[in-house]
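These notes concern the structure reproduced below.
The values are calculated or read from the model by the stated rules, or taken from the named source; none is laboratory data. Note that the coordinates shown come from a computational prediction; the quantities given were computed from them, not determined experimentally. Counting neighbours? That spans all protein chains shown, and the Cβs are built from the backbone with ideal geometry, glycine included.
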Amino acid sequence: MLIEKELKTKVAKDFWKAVLNLKTESECEKFFRDVATLSELMAMCERWQVAKMVDKGISYREINQQTGVSTATITRVAHWLNYGTGGYKLMLEKMKN
């Protein structure tokens, strides 16, 4: 089990290094389109939009009406925004600067 965990960590680090080498929006789009399905990409894009809206204080009902994203997903994104690893907040701050 320990070896499997270590392998996953090495594989994940390799993936993150690949992502960090992407320089343009076009490169990101090409890479992620090959790596993920359209459904997976849309889910990630929707979650990012929801995180931005929650951060602005928009109500869950309004987010649902504007985006069509389920309230369950909105609640989950809000939870990770407030109690997760800080990734959403990190990117929100970077996007403000």
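Can you name the residue in the stretch 75-85 that is modelled with pLDDT of 95 or more and not hydrophobic (A, V, I, L, M, F, W, C) and is also surrounded by the fewest Cβ atoms within 10 Å (Cβ to Cβ) among such residues?
Let us first name the residues in the stretch 75-85 that are modelled with pLDDT of 95 or more, namely 75-83.
From what is left, the residues that are not hydrophobic (A, V, I, L, M, F, W, C) are 75-76, 79, 82-83.
On the way: T75: 13, R76: 14, H79: 11, N82: 11, Y83: 8.
Ranking the candidates gives Y83 first.
Considering each of V11, V77, V50, V54 in turn, give the residue that is touching a Ser or Thr at 6+ places or on another chain (Cβ under 9 Å), part of a helix (DSSP H, G or I) and not hydroxyl-bearing (S, T, Y).
V50
Just to be sure, is A36 within 12 Å of the chain's Cα centre (by Cα) and modelled with pLDDT of 95 or more? Judged against the criteria, A36 is not a match. Scanning the stretch 57-74 for residues that are of a type in the set (G, A, S) and either modelled with pLDDT under 95 or in a helix (DSSP H, G or I) (or both) yields a single hit, A72.
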